[in-house]
Each structure stands twice: as C-alpha cells, then as structure tokens.
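These notes are about the structure you will find just below.
The values are calculated or read from the model by the stated rules, or taken from the named source; none is laboratory data. None of these values were measured; they are calculated from a predicted model. Glycine gets a Cβ as well: all are built from the backbone with ideal geometry, and neighbour counts include every protein chain shown. To get the accessible areas, we keep the full protein, side chains included, count just its heavy atoms, and leave off ligands, DNA and RNA. Shrake-Rupley method; radii C 1.70, N 1.55, O 1.52, S 1.80 Å.
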Amino acid sequence: MDFSFPDIEGPVAQRGIGVIAPFDLALERELWRWAPLEVSLHLARTPYEPVPVSLVMAELVSNPIHLTTATRDVLHVEPEVVAYLCTSGSFIKGLDYEKSLRATICRAGAQDAVTTSGALVEAIRHLGITSLSVITPYDEVLTGKLIEFLGEAGCTVVRSDHLGLGGGIWKVNYRTIAERIVGADDPAAEAIFVSCTNLPTYDIIEPLEQALGKPVLTANQLTMWACLGRMKLPMMGPGKWLLNVF
C-alpha cells in the first residue's frame with residue numbers, strides 16, 4: 001500500500017514547562033488552557049500528606065527535599081522553566097523563603113524557576129498595583145499569612161474573604177467563587193487576587209473583569225503567565241491585563 005506523507009515536518013517543536021504540584025492538585029486541565037500549542041506541561045507531585053489544607057500542609061508540601069526530588073523527576077524532558085504550583089506553600093514564610101524555593105529548584109538542575117506567590121509579586125509590580133482585595137479557600141490563619149506576604153511585597157490588602165475549606169477545594173462551583181469575588185471587591189482595591197491553584201477560576205475571570213473594571217488575578221493564571229513570560233511566549237485565555245505583556 002502506498003501512502004504519501006504530507007510535505008511537512010512535524011510535530012510542532014515542543015517547549016516544556018515542568019510543574020511541581022501538591023499531591024491534591026485536581027486542576028491540571030485548567031493549566032493546559034493557558035498554554036499555547038507548542039507548550040507541554042510535565043507534572044510532578046509532592047508526596048501525599050494525611051492532613052487538611054492548613055498552615056501545616058503548606059509547610060509539608062513546600063519542603064525543599066520534596067521540591068528537589070520533583071524537579072529532578074521532570075528534568076529529563078528538558079523543561080525551560082520549572083514552576084512550583086502552590087500559592088500557600090510559597091507565601092507562608094515571606095519573600096525570602098519564596099526566593100529560597102526558586103533557588104532550591106535551580107540547584108536541582110532547572111534552567112529557571114517560578115513559584116505561584118512569586119508570580120503574584122511579579123504581576124502586581126508589573127501592573128503597579130499597591131492595593132488588593134483577596135479571596136482564599138483557606139482558613140483564617142493561612143489567609144493571614146497571605147496578607148502578611150503581600151504587605152512585605154509592598155501591597156496593602158484592603159478587604160479579604162476566606163472559605164475555610166480543609167479539602168475538596170476543586171469542587172467549589174463557579175457561582176460560589178464569583179459571588180465571593182464580587183463580595184470581596186472594594187473601591188480602594190486596584191485588583192482582586194484569588195488564591196489557591198486548586199480553586200477553579202478560568203471561565204469566570206473575563207466576565208468578572210468586565211463587570212468590576214479591574215484585574216482579577218488567579219493563582220494558575222499568574223503561574224502560567226510568569227512561566228510563559230520567561231519563554232517569551234504569549235499566554236492564552238482570559239485576563240486582558242496580563243495577556244501579551246512581556
């Protein structure tokens with residue numbers, strides 16, 4: 001049987017992002033929706049920890065030993081950047097700790113490193129934002145750590161809300177999240193940050209930005225934005241304030 005191959009080379013040359021996720025991540029599909037066609041995501045997870053979402057969990061999943069192992073797990077496919085996809089794990093001990101997590105990933109062999117909370121700081125500085133409203137799925141203690149982190153970064157949280165969830169964060173529906181974002185808005189807030197990479201937000205960002213007239217920044221959005229920016233690639237999807245800014 002004769003078969004003529006198309007006169008093209010292929011497939012499209014792949015460019016990779018390594019992703020280190022907490023063991024309970026359930027939103028891999030949301031990450032892929034931000035990525036252009038030529039980008040592949042290579043995921044590694046931290047070990048399972050039998051604890052609820054809390055300050056304790058954030059400390060466990062940001063253990064440098066786990067990050068080192070997970071980085072090495074994805075290096076063979078040659079990612080251009082490795083992201084630690086966890087907001088709480090990268091903000092709980094302040095800016096210096098966030099920087100140390102990126103250094104740990106690079107020492108393990110990554111060409112470049114991003115964390116979700118580091119991406120948040122990059123975004124607010126890029127956009128010149130000095131005041132935020134914040135919504136989280138966490139308890140009050142962990143939400144307070146985020147407010148402290150943002151304060152250290154020079155950004156005031158004028159209003160915050162938290163859902164107080166110990167697990168199952170990916171199951172929260174869009175209506176609930178949208179209502180809580182609108183409720184957390186404040187005229188003094190230049191933007192709203194929605195924390196947690198396990199809280200679904202992709203499809204509500206654009207309508208909320210249109211309704212509120214300000215950026216709605218979310219954890220997965222920011223992480224992908226920072227990674228793609230280092231690769232000099234555009235980010236797909238909603239979020240007009242952050243699209244194609246690099």
Please give the number of the condition S4 fails out of (1) within 30 Å of I205 (Cα to Cα); (2) at pLDDT below 95; (3) of a type in the set (S, T, Y).
-> (1)
Which residues, taken from the range 200-232, are of a type in the set (G, A, S) and over 26 Å from A110 (Cβ atoms)?
-> A211, G213
Which is within 14 Å of the chain's Cα centre (by Cα) and touching a residue at least 12 places away in the same chain (Cβ under 8 Å), of A226, A211, A188?
-> A226
Could you give me the residue pairs with C-beta distances under 7 Å whose first residue belongs to the range 141-165 and is open to solvent by 50 Å² or more (accessible area, probe 1.4 Å), whose second residue is aromatic (F, W, Y) wherever it lies, and which are 6+ apart or on separate chains?
-> K145/F91; H162/Y138
How many residues of the range 107-140 are open to solvent by 20 Å² or more (accessible area, probe 1.4 Å) and part of a helix (DSSP H, G or I)? The answer is 6
Scanning the range 36-65 for residues that are in contact with a strand residue (DSSP E or B) (Cβ under 8 Å, 6 or more places away or on another chain), modelled with pLDDT of 95 or more and not β-branched (V, I, T) gives S40, L41, H42, L43, A44, R45, S62
Of the residues in the range 208-246, those that are among the hydroxyl-bearing types (S, T, Y) and over 16 Å from A191 (Cβ atoms) come to T223
(1) modelled with pLDDT under 95; (2) open to solvent by 40 Å² or more (accessible area, probe 1.4 Å) all hold for W32 apart from (1)
